[in-house]
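Working notes, structure below.
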Amino acid sequence: MKKLQLFIDGNFVDGKAGWFDNVNPVNGKIVSQVAHANADDVDAAVKAGKKALEGEWGRLSLQERGTLLSKVADRINERFDAFLAAEIEDTGKPKGLASAIDIPRGAANFQIFADQARSFGSESFMQSTPDGKGALHYVQRMPLGVVGVICPWNLPLLLMTWKVAPALAAGNTVVVKPSEETPSTATLLAEVMSEILPPGVFNLVHGFGPGSAGEAITNHPDISAITFTGESSTGEAIMKRAAEGMKAVSFELGGKNPAIIFADADFDKALAGTMRSVFANCGQVCLCSERVYVQRPIFERFVAALKHGAEKLVPGDPYDENTSFGPLISKQHREKVLSYYALALEEGATLVSGGGVPHFSNDFDEGFFVEPTIWTGLSEDARVVKEEIFGPVCHIQVFDDEDEVIKMANNSEYGLAAAVWTENISRAHRVSQQLETGIVWVNDWFLRDLRTPFGGVKRSGLGREGGIYSLNFYSELKNICIKL
Ligand code: NAD
């Protein structure tokens with residue numbers, strides 16, 4: 001049985017809280033044993049991070065850090081197949097998806113922030129003074145210190161590196177906790193880091209949230225900032241802890257994202273885009289659309305076409321090229337999603353497609369698959385329409401005009417991302433500008449430029465990451481004033 005260790009101060013070590021199982025969601029089999037870190041392990045990791053800040057790492061220039069991060073990107077690409085296999089084993093996601101998105105973006109995150117670090121400038125201001133000689137102010141960017149990075153399981157390498165790369169580019173050191181469901185690519189990344197970075201710059205602790213490594217990170221007095229991606233309620237719990245000691249926080253949280261399809265949309269493109277935005281990664285992307293709004297003239301045709309598309313999705317072996325649909329991450333998550341399948345019917349939904357679990361007659365029956373599921377007919381205050389399910393599901397609602405659909409789309413405690421499908425350019429702007437979300441895609445979905453601000457409003461997050469926005473979060477600004 002494979003053993004995945006912690007990585008602290010440049011050494012792979014066992015955890016002081018024993019071991020826990022890592023399960024393959026395709027067939028429910030245990031694939032590795034994972035070292036479980038306790039608060040003492042987290043403390044050792046934070047101490048290593050502090051020591052590294054005082055050593056060689058703390059003296060590197062931005063350009064030198066950029067060069068090291070480029071090497072990390074190159075090494076991920078060189079070990080692409082190992083990362084791919086690890087991600088597939090932990091998540092069960094189809095190989096085509098993981099090889100097109102997860103692993104390349106893991107490498108790209110290091111490359112873009114390496115480039116960004118090399119061109120990272122700082123502002124200066126000339127001030128006139130009564131003596132006529134003036135003063136020069138300039139802004140120094142300092143690292144925050146040791147940053148706690150707490151990650152989810154849905155896009156494990158992608159979302160972890162999205163935080164680790166800019167934190168390191170800005171000169172911090174990190175203590176990273178991947179999700180307990182997906183420890184493998186983080187462990188491979190630690191191997192890469194061990195070849196490239198000085199000890200203590202990248203530290204990895206495995207474990208759970210409350211009462212475990214996650215909570216220990218949030219409690220540690222020498223962690224300066226916490227960057228977290230996960231559920232909104234977890235974000236709230238972390239924020240309460242972070243208040244003590246005034247830790248900076250950056251949160252990328254849950255969503256209940258709307259997709260709005262106007263009758264003037266290019267039907268086929270809107271359909272293909274909505275198939276992706278609802279069912280990609282088995283609906284386990286924070287950006288996925290769980291609320292679909294379709295204008296009346298095309299409503300029935302669109303519902304029928306989406307049903308047809310959903311029923312053509314093929315679940316199964318992630319390595320089979322025909323497979324287009326993976327499992328949910330865990331037994332527990334499947335129970336949650338299936339409880340919404342039951343709730344939708346209790347709330348009076350019309351089941352358009354799915355609603356159950358697929359059968360395979362092989363060991364995939366022990367995995368955590370569910371059917372892609374579409375409902376119609378619920379009111380806007382049904383729990384299924386309000387709460388994040390995080391599965392391959394959507395409820396489709398009919399609408400008549402712009403004002404009505406904007407009101408419905410904004411009627412949510414979440415505000416992460418929206419997709420708008422229309423061929424009318426004025427409408428595209430008008431609607432986008434009124435949506436209460438951090439991101440709006442018009443005529444596409446999940447088209448990312450890593451320089452843009454990424455994040456949500458309301459319960460979907462706090463702060464923005466991406467390009468300079470990440471570097472701003474991961475650095476402390478100091479104003480130095482020189483009287484001339
Ligand atoms: P989660 O909140 O259950 O767990 C995320 C991480 O937090 C895990 O590493 C977990 O161990 C840790 N954790 C849990 N409780 C903790 C606590 N009290 N203190 C410290 N750490 C704690 O989320 P998940 O189930 O892994 O991920 C799915 C959720 O993430 C969904 O809500 C999804 O929308 C959200 N998400 C958001 C984004 C975004 O960019 N906005 C991206 C991906 C996922």
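The values are calculated or read from the model by the stated rules, or taken from the named source; none is laboratory data. The model shown is predicted, which means the values in this text are computed figures rather than measured ones. Neighbour counts run over all protein chains shown; Cβ positions are idealised from the backbone, glycine included. Accessible surface areas use protein heavy atoms only, side chains included; no ligands, DNA or RNA. Shrake-Rupley method; radii C 1.70, N 1.55, O 1.52, S 1.80 Å.
Among the numbered conditions (1) touching an Asp or Glu at 6+ places or on another chain (Cβ under 9 Å); (2) surrounded by fewer than 22 Cβ atoms within 10 Å (Cβ to Cβ); (3) not in a helix (DSSP H, G or I), the only one that G255 does not meet is (2).
For region 373-484, please list each of the strands (runs of 3 or more DSSP E) lying entirely inside it that holds at least 1 residues being surrounded by fewer than 20 Cβ atoms within 10 Å (Cβ to Cβ) and more than 16 Å from the ligand (Cβ to nearest atom).
On the way: elements: 373-376, 393-399, 417-421, 439-442, 475-483.
Qualifying strands (runs of 3 or more DSSP E): 373-376, 393-399, 439-442, 475-483.
Restricting attention to region 139-161, the residues that are more than 9 Å from the ligand (Cβ to nearest atom) and either open to solvent by 10 Å² or more (accessible area, probe 1.4 Å) or under 16 Å from V201 (Cα atoms) (or both) add up to 12. Contact annotation: residue pairs with Cβ atoms under 9 Å, 6 or more positions apart or on different chains, pairing a residue in region 103-116 that is at negative phi with a partner that is open to solvent by 40 Å² or more (accessible area, probe 1.4 Å) and among the aliphatic types (A, V, I, L, M), are Q116/I468. Sub-6 Å Cβ pairs linking a first residue in region 291-319 that is touching a residue at least 40 places away in the same chain (Cβ under 8 Å) to a second residue that is assigned to a helix (DSSP H, G or I), at least 6 apart or interchain, are Y293/V405; V294/F302; P318/I88; P318/K95; Y319/K95, ordered by first then second residue. Looking across region 258-269, the residues that are touching a residue at least 24 places away in the same chain (Cβ under 8 Å) and not in a strand (DSSP E or B) come down to F262, A263, D264, A265, D266, F267, K269. Remark: pairs (first residue in region 124-145, within 26 Å of L60 (Cβ to Cβ) and in contact (Cβ under 8 Å) with a residue 12 or more places away in the chain; second residue among the polar types (S, T, N, Q) and assigned to a loop (DSSP other than H, G, I, E, B); Cβ separation under 8 Å; 6+ apart in sequence or on different chains) = Y138/S122; V139/S122; Q140/S122; R141/S122; P143/N172; L144/N172; G145/N172. Of the candidates A243, A248, the single residue that is in contact with an Asp or Glu (Cβ under 9 Å, 6 or more places away or on another chain), of a type in the set (A, V, I, L, M, F, W, C), open to solvent by 20 Å² or more (accessible area, probe 1.4 Å) and more than 9 Å from the ligand (Cβ to nearest atom) is A248. If you go through region 227-252 and keep only what is small (G, A, S), touching a residue at least 40 places away in the same chain (Cβ under 8 Å) and not in a helix (DSSP H, G or I), you end up with G230, A248, S250.
Looking only at region 270-294, count how many residues are more than 16 Å from the ligand (Cβ to nearest atom), touching a strand residue (DSSP E or B) at 6+ places or on another chain (Cβ under 7 Å) and part of a helix (DSSP H, G or I). The number of residues fulfilling the criteria is 3. Residues that are aliphatic (A, V, I, L, M), assigned to a loop (DSSP other than H, G, I, E, B) and within 16 Å of the ligand (Cβ to nearest atom) within region 167-226 comprise just one, V205.
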